[in-house]
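Rule-based calculations on the coordinates, nothing more; no lab input. Treat the numbers as computed from the prediction; the structure is a model and nothing was measured. Note that we place each Cβ from the backbone using ideal geometry, even for glycine, and neighbour counts take in every protein chain shown.
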Amino acid sequence: MPSYTLNVNGKDHVVSVSSSSMPLLWVLRDVIGLTGTKYGCGIEICGACTVWLNGQPEKSCDVDVSSAAGKRITTIEGLSADRSHPAQKAWILHQVPQCGYCQSGMLMRVAGAMAAGHHGSSIASEVNNVCVCGTYPRIKTAVSGL
Ligand code: FES
Ligand code: FES
């Protein structure tokens with residue numbers, strides 16, 4: 001079985017997987033046990049699986065574990081230690097989530113846009129993640145202050 005060292009949220013994990021093409025999403029959830037990152041569509045559409053690779057938002061359902069090795073991987077669990085990222089604070093203030101399933105990916109995408117220098121409505125225009133519950137109006141309100 002191939003094995004890789006993945007740096008996730010600042011910590012190295014040596015993982016053995018059945019295939020070098022196993023999606024990073026599976027490894028994060030099923031091998032490392034970080035279940036905050038979600039599986040939605042599996043075909044790069046919904047964004048529920050969004051994490052950062054070297055600070056850039058990526059859909060982890062479409063990233064092979066072999067290509068994630070050697071990169072800095074950040075998941076929702078590593079966005080902040082105590083929900084203190086401004087996006088997390090805005091989400092709590094405006095009570096954005098409904099079922100919550102899409103929201104970790106949504107937050108990683110929003111925080112990624114902020115890190116790239118976007119503010120307010122320009123964040124909203126960067127984020128095309130899918131929310132089946134339709135929380136878009138609250139997302140729009142929450143990002144308007146960021
Ligand atoms: S699960 Fe990756 S984009 Fe939907
Ligand atoms: S809050 Fe339910 S899918 Fe977005």
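Values as computed for the structure displayed
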item	result
Distance histogram in 10 Å bins (all Cα pairs of region 46-109, percent per bin)	22, 50, 23, 5
Charged-residue dipole, Cβ positions (Lys, Arg, Asp, Glu), region 10-110 about Cα centre, Debye nearest 20	260
Gyration tensor over alpha-carbon atoms, the chain, equivalent ellipsoid semi-axes in Å	27, 15, 13
Zone residues, region 104-138, relative to I45, backbone N less than 16 Å from point 7 Å out along Cα-to-Cβ	128-134
Mean Cβ count within 10 Å, highest first, over the residues of peptides 13-20, 128-135, 103-110	103-110, 128-135, 13-20
Cα-based Rg / Dmax (Å) for region 1-59	11.4, 30
Additional length obtainable on full extension of the chain from S144 to E126, 0.36 nm per residue less Cα span	5.2 nm
